Each structure stands twice: as C-alpha cells, then as structure tokens.
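Heads up, the thing below is written out as structure tokens.
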C-alpha cells in the first residue's frame, strides 16, 4: 500500500522539522519526506493540526499468550498497543509455558503475524522456566528471533548465574533485562514499605529490595563491560545508583513506567487492587526522583509494564490480588500530562523516551525516527484533544487500570505500522 501523510508537523527525538512536510510511504518504508508530494495511487491522510511522530516502542509488555488467554491474547494486546500508538512491543516471557525455547518464540511470532497489527518481539527467559537455576539456550533464542532476555517477575538472584548469563548473552548478541527485586527483602510485601503501609496494615516492600539488585548488577556490568537494562525503576536510590554508573561509563540503561511517575503510594489508600504493582508505587520523593531521572537522561526510556489481569483475579482482598496494571492505552496521555505539560520533558524528549531510545537500546536501527529509508512505523497525535479514560473504550481484554476516570490531554488518532494503518480514531 502507498500512503501519503500530508501537512505533517514532524517531531523526532532530534527536534521538530522546519515547516509542514508530506511523508510518502511505499512498501512499508518511508521513501520521501518533502513538501508538495503527490501520487495518484496513494491513500492520503491529512495530518493538518496534528503532530506526527515515530511509532512508540514498548520494551515491557505482558501478552499472557500462551497460557492465560483469559487475561490477554496476542490479538487483544496488539489492538491495545495500536490504540496507544505503539508499533513495536516486547513480549515478556512469563507465559505458560515460558518463552524459554525456540519453539515458544516461534509460536508467539506466528500468532503475531496472523494478527498483523504491530511488531511483536518475544523476549526470551534467562533461565529455564524462569526458575533461576539453569540458563536457557540463548543462541537458539537469538536465532529464533529474540533480541533480549529476562526472567521478568523474578530477579536472577544467583550472582554467579547472572554473570554467566551476561557472558552468554554478549556472545549471542542479546540484551539482558533485569527485574530488580530481592525477594529476601521484599518478602510478602504488597505496597511500599513505610509509615503508610503500617497505617493501612499492609506488608511493605522496601526500596532497598530494588536498590541492592541494581547495585549488584551495575558492578557486574562494570566488571564484564556488558550492558544491563534495568526494568521499571521505581526508587530514588536506584536512580542515584544508575546516574553514578553512567557517569563512570558503565554500560547500563533503564526504563520507567508511567504509573511510577504518575502515582504515589497514596493511591493505595482506597485498596484498589489496580494500584497493586511490582515494584510498588513509591513515595512522593521517589516519584520526583524518577521524573528527575527521565529529565536528565539517567532513565533512558519509558515502558508500560502492561500487565493485564481478569476482573475475577483482581476482585479479591488487596493481599491476595496479583500484581500489575494495564498501561499501553494510557501511556502517551500520562506522558503528556505528567511530563510534557509540566515542562519536565519537551515533546522531542518525550519522543526520544518512547521511540528513539528504546530502538537504540535493543538495536532496531530502522525504527524510532521519521526519515527517508526508515520503517514506516508512525503515530499521529492530536496534542489538543482532551479525553477521559473509560473502561468501555479499552481494547485490552482486561480493565485493571487505576487511571479509569482520569482526564488526559493528547490523544493518538492514527497508528501506522509497516505502512499499514492499524488504528484510526
């Protein structure tokens, strides 16, 4: 399909293009960016009054398939991604069975191809069945299509095993992504440890459970000179450690989730199980530190940690509810509300966090930028559009969001993946 986007106000991570441009898309690629483009065979999309950006890339998504299709399927997850402006998503391996063999990787890729909406990249497990005991066959995972590995949901606790994982991943050209949470410290914690958890009578998960894993793996990355990516950073101490590591030239990267810069532990007061996440919502000081880390580049990118659960799973006591919330459909609106409109990030910096930086981190060289020769993964947004998050509007199969009822500004109106319109408001 040939497309022309007319009157595009293009914003890349490097900044806003001078004047309005037309974008010609042929064969899934951006072939020309200029003014006054015409093609009699092309479908025309008029972007006047809108902002055109590279499609968002989410390094941290739970699609639940195979194994828990009652929570989400690859199809519904891709629909939610497209609605949120995400054209590439990285599927976490905590499925049943886990994504720990080439066969399961192929299954996810085949299902995503059948759906045909957005790019799905399966993330392999670091250890078999994510149990922290025996490394997976990383070369097989790489050949099958993985770009990264993680035991997300579990930290790799054995430091020697983590060392070997980094060494093998380097040979296999896989990025190691670490879930930073020491279960010996977090224990049965269900919210941030502090005065509020005591008042609410809920077991606490202290910030040190995250920071000790961050600190250990910074040292491993330094010793081995091998990259480590820290997932869903939530604590001020973790941000400080990563900032220092980067100043020393240690090859680490990190992500923040929208809920960790939009909500504090105060949100747990209503015992809404949609606010039960791992790592937990932290203090106001931690939220301020996450925002500062995004502003100064300590935290490289924004990833949603989209974690769908059924109503029945979440409609239980707070202690018994599973961790997680859905996030792809609200991510951009929260970025605008909490980061752009408050002056923490410029729009171009937001594009970097959502598109260019994640592309750099995992080596997607043809994505993350609107430029000639790049993949035609594009999102068109109405920055002036005010909208309310409504349960009935969501494309995800699950509805476990603490943002239902929130009023946001900045709405995705069109998502294009590989030159194909996959969402249009």
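The values are calculated or read from the model by the stated rules, or taken from the named source; none is laboratory data. Just so we're clear, the structure is a prediction, and the values are computed from it rather than from any experiment. All Cβ positions, glycine included, derive from the backbone under ideal geometry; neighbour counts span all protein chains shown.
So, in region 148-177, exactly how many residues are farther than 23 Å from residue 324 by Cβ, in a loop (DSSP other than H, G, I, E, B) and under 23 Å from the mean Cα position of the chain (by Cα)?
2
Would you pick out the residues in region 394-425 that are outside any loop (DSSP other than H, G, I, E, B), over 11 Å from residue 330 (Cα atoms) and out of contact with any helix residue (DSSP H, G or I) (no Cβ under 8 Å at 6 or more places or on another chain)?
Within region 394-425, 413, 414, 416, 420, 421, 424 meet the criteria.
When region 176-189 is examined, which residues are found to be crowded, with 23+ Cβ neighbours inside 10 Å and either closer than 16 Å to residue 286 by Cα or touching a residue at least 60 places away in the same chain (Cβ under 8 Å) (or both)?
177, 180, 181
If a residue counts only when it is within 16 Å of residue 419 (Cβ to Cβ), which strands (runs of 3 or more DSSP E) contained entirely in region 3-107 have at least 2 such residues?
Hits in region 3-107: 3-12, 21-26, 29-34, 43-46, 51-54, 86-91.
Inside region 390-405, can you point out the residues that are on the phi < 0 side of the Ramachandran plot and surrounded by fewer than 16 Cβ atoms within 10 Å (Cβ to Cβ)?
If the condition is that a residue be on the phi < 0 side of the Ramachandran plot and surrounded by fewer than 16 Cβ atoms within 10 Å (Cβ to Cβ), then 390, 391, 392, 393 are the ones that fit.
Can you confirm whether region 348-361 contains a residue that is assigned to a loop (DSSP other than H, G, I, E, B) and more than 17 Å from residue 82 (Cα to Cα)?
No, the conditions are met nowhere in region 348-361.
Tell me, which helices (runs of 4 or more DSSP H) lie completely within region 206-308 with 3 or more residues that are surrounded by fewer than 19 Cβ atoms within 10 Å (Cβ to Cβ)?
So the answer is 208-224, 236-247, 284-296.
Looking only at residues in region 68-94 that are surrounded by fewer than 23 Cβ atoms within 10 Å (Cβ to Cβ) and more than 14 Å from residue 306 (Cα to Cα), which one is nearest to the chain's Cα centre (by Cα)?
Of everything passing the filter in region 68-94, 75 is nearest to the chain's Cα centre (by Cα).
Working carefully through the options 41, 22, 46, find the one that is farther than 30 Å from residue 124 by Cα and modelled with pLDDT under 95.
One residue alone meets the criteria, 41.
Does residue 112 satisfy the criteria of being assigned by TED's automatic domain parsing to the domain that holds residue 303, crowded, with 23+ Cβ neighbours inside 10 Å and either in contact with a strand residue (DSSP E or B) (Cβ under 6 Å, 6 or more places away or on another chain) or not in a loop (DSSP other than H, G, I, E, B) (or both)?
yes
Could you list, in sequence order, all residues of region 363-389 that are under 17 Å from the mean Cα position of the chain (by Cα) and surrounded by fewer than 24 Cβ atoms within 10 Å (Cβ to Cβ)?
363, 364, 367
Quick check on region 386-393. Is at least one of its residues outside the structural domain of residue 311 (by TED's automatic domain parsing) and in a loop (DSSP other than H, G, I, E, B)?
Taking every residue of region 386-393 in turn, at least one turns out to be outside the structural domain of residue 311 (by TED's automatic domain parsing) and in a loop (DSSP other than H, G, I, E, B).
Working only within region 69-91, note down all residues that are touching a strand residue (DSSP E or B) at 6+ places or on another chain (Cβ under 6 Å) and free of Cβ contacts under 8 Å to residues at least 60 places away in the same chain.
Answer for region 69-91, where residues must be touching a strand residue (DSSP E or B) at 6+ places or on another chain (Cβ under 6 Å) and free of Cβ contacts under 8 Å to residues at least 60 places away in the same chain: just 91.
So which residues in region 35-56 are touching a residue at least 40 places away in the same chain (Cβ under 8 Å) and more than 14 Å from residue 17 (Cα to Cα)?
The answer is 42, 43, 44, 45, 46, 47, 48, 49, 55, 56.
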